[in-house]
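Notes follow the structure.
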Amino acid sequence: MLALPVVLFTVQVISACLARTGGVAPEVPSVRPPSRPQAAVLMPAHDEAGGIAVSIASVQRELAPNDRLLVVADNCSDETAAIARDAGAEVVERRDLERRGKGFALDFGVRHLAALPPGIVVVVDADCTVGPSAINRLVRRCAASGRPVQALYLMHSPAGAPLKTRIAEFAWVVKNEVRALGRHHLGLPCQLTGTGMAFPWALIRTAPLASGHIVEDLQLGLDLAAAGAPPEFCPAALVSSVFPLEASATASQRTRWEHGHLGMIAAKAPSLMWQALRHRQGALAAMVLDLCIPPLASLVLALCGMLLAGALLVVAGRGTATLLITGVSMSMLLGAVAMAWFVFARHIVTLREMAIAPAYAVGKISLYMGMLRRRQTEWVRTRRDDGRR
């Protein structure tokens, strides 16, 4: 069971490295629509007064004349709505302390847009900036394919960030760039990552958005794939954000992501894989297999546990198969991580710093033990560097 995600991960990394070194980045659709459809950028925001003006400015630079930017000020206790209006965005305010979470804010925004529906809806988080031509690329790709399209979403370490944060940045690159590019190079769909997502109006208006799930983006992508619209990756469209400097904020963010991911594997993977096999949905099956690759640190720790179990079986005279399979799997995983670092991330961490990375995995034991005691299931906003929540 552990060998399968290792093999899948290794194939994705090799594919991504071949794409990068071969200069393959097929972001231009084979058939362009005759004209670019109108787009609405939907920006959910909860207490983002400290940085939303920068995000709005980055989006406004990329809008076409008929495009809209709608900010949903969701249960805000600060000046988010006023700042967004002053920056030139269209703003609606939502207050519902019982139904909390980004999914509810997105649903509220889509229902507001329904009065004058756009052709394409692009979701950008209020703490993100969009790269040059990112909106245009997403809109055109989405209009041409009729499917959801996911931009390359990267998080960067702030100046002066500790090694732990830079290793987290490397892990983010592996998850959102390396693995996504590897699947794209193989012609497979991608997971949604929460921001930089484009949807045809016909899909987003009926999508099951109103959810407080802590990884609502992952859930939405799988739901759409199950409905016959698997998302695709657009590596040339860049959306970026910055890790919080505060250690507790980073820990909260990581707990939400990893508890949510592991919970999705347990709760959704078996039934979705059965649906994919029963209805011969190859794209959904590929997404479920990708879902079953757990976070890197948890995979390393699980393999270490199996190595210990394999060694004990050898000592007990029960054979060497477990130790051999696990040893080969660990070697494959480490080799794939080293390949991803060499091709994509040498500017983030040095080789010497990479040697310390196993300690990063060990340091996350408490996070996984916490999941066994009480898994986080409620949406919690990440605390920013100015102490807001």
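Evaluated with a Cβ-only charge set (Lys, Arg +1; Asp, Glu -1), the range 1-150 carries a dipole of roughly 820 debye about its Cα centre, given to the nearest 20. Rounded to the nearest 0.05, the FRET efficiency derived from the C-beta distance between Ala82 and Arg205 at R0 = 22 Å is 0.15. Take Ser240: with every protein chain present and a 1.4 Å probe, its accessible area is about 20 Å². In this label model, His112 and His156 are separated by 2.9 nm, measuring between points 7 Å along each Cα→Cβ vector.
Shape analysis of the range 155-199 places it in the oblate category; the axes a ≥ b ≥ c from the Cα gyration tensor give an a/c of at least 1.5, with a/b not above b/c. Based on the Cβ-Cβ distance of Leu186 and Arg278, what FRET efficiency does E = 1/(1 + (r/R0)^6) give at R0 = 25 Å, to the nearest 0.05? Once the sixth-power term is evaluated, E becomes 0.60.
Heavy-atom accessible surface of the range 62-194, averaged per residue, reaches 38 Å², computed with a 1.4 Å probe.
Using only Cα atoms, tell me the angle between helix 3-21 and the longest principal axis of the chain; keep it within 0 to 90° and round to the nearest 10. Between the helix axis and the principal axis of the chain, the angle is about 60 degrees. Each peptide in 79-86, 39-46 was scored by the mean count of other Cβ atoms within 10 Å over its residues; highest first, the order is 39-46, 79-86. Packing-based ranking of 272-283, 322-333, 171-182 yields 171-182, 322-333, 272-283, ordered from highest to lowest mean Cβ neighbour count within 10 Å. Distance between the pseudo-spin-label points of Glu98 and Val328 (7 Å out from Cα toward the beta carbon): 5.6 nm. Using θ = phi - 60° in the Karplus curve 6.51 cos²θ - 1.76 cosθ + 1.60, the 3J(HN,Hα) couplings for the range 297-307 round to 4, 5, 5, 4, 5, 5, 5, 4, x, 6, 4 Hz; x is entered for Gly and Pro.
Each peptide among 54-61, 310-317, 216-223 gets the average number of other Cβ atoms lying within 10 Å of its residues, and from highest to lowest they stand as 216-223, 54-61, 310-317. Surface composition of the chain: carbon and sulfur atoms hold 61% of the protein heavy-atom accessible area at a 1.4 Å probe. Among (1) 35, 24, 20; (2) 30, 28, 23; (3) 40, 23, 20, which is the computed semi-axes √(5λ) of the Cα gyration tensor in Å? Here semi-axes √(5λ) of the Cα gyration tensor in Å agrees with entry (1). Rounded, prolate or oblate: pick one for the range 51-172, where a ≥ b ≥ c are the square roots of the eigenvalues of its C-alpha gyration tensor, a/c under 1.5 means rounded, and failing that, prolate if a/b is larger than b/c, else oblate. It comes out oblate by the Cα gyration axes.
Shown here for the range 88-118: GluC sites (Glu not before Pro) in loop regions (DSSP other than H, G, I, E, B) with at most 14 other Cβ atoms within 10 Å, namely Glu98.
The values are calculated or read from the model by the stated rules, or taken from the named source; none is laboratory data. Quick caveat, the model's predicted, so the values are computed rather than measured. Virtual Cβ from ideal backbone geometry, glycine too; neighbours counted across all protein chains shown. The protein model used for the area step is the full one, side chains on, heavy atoms only, and it has no ligands, DNA or RNA in it. Shrake-Rupley method; radii C 1.70, N 1.55, O 1.52, S 1.80 Å.
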